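All remarks here apply to the structure that follows.
No value in this document is a laboratory result; all are computed from the given coordinates. All values reported here derive from a predicted model rather than from experimental measurement. Positions of Cβ are generated from backbone atoms using ideal geometry, with glycine treated the same way; all protein chains shown enter the neighbour counts.
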Amino acid sequence: MKQILVLFLSIAVLSSVACKTKYSVILVGGTSLNSVNPTSEGGAPTPVKARVYQLKDAQKFTTKTFDEVWGDAKASLGADLLDAGGEPTERTVLPMKEGQSKEYKPETADYIKEQSFDPGTQYFGVAALFKPEGEATEEQKSKWKGIVHLDEIKKKVFHLDHFELIIKEK
């Protein structure tokens, strides 16, 4: 039976008319018990660090390398990065444990956060660090980030499986 770990990052976004709208950036970790970031073929799954970026524009996020965005988001994204203090929200997506179902919800409140977002946010970008820096090829790292327009965020899921971040329909 396929199982998934769903980590919801509830995000309150201020709309242009100054009323609050709820948005969720959903990170889904794996389609089976051992598919999230395995240490080797058939190896044990390991946690994945994921960062959610509030962006004014998509161009820099899509053209910069994973290392540039992950290493120094403030410098590589400049004024397009709207996160408070120039730091994206970081979460650890945990591999599923035996017996967890697809309805699994994190037990600690630390995984569900409501945040005020800059009213200029037009995109949510996600970057996920699957392997320690220096252990991945450029081709692998090119599959570690994705971006969704604000209008589409309610319809999309950032799916982390094996060593890829894939944007899928809910």
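Observations, loosely collected:
- Shown is the FRET efficiency for ASP151 and ASP67, computed with R0 = 35 Å from the Cβ-Cβ distance and rounded to the nearest 0.05: 0.75.
- Legend: calculated FRET efficiency, THR137 to THR92, from the Cβ-Cβ distance at R0 = 22 Å, rounded to 0.05, equals 0.40.
- A straight chain from GLU169 to LYS74 at 0.36 nm per residue would run longer than the Cα-Cα distance by 31.3 nm.
- Ordered by the number of other Cβ atoms lying within 10 Å of each residue's own Cβ, fewest first, ASP80, ASP67 fall into the sequence ASP67, ASP80.
- Highest-first arrangement of 153-161, 71-79, where packing means the average Cβ count within 10 Å: 153-161, 71-79
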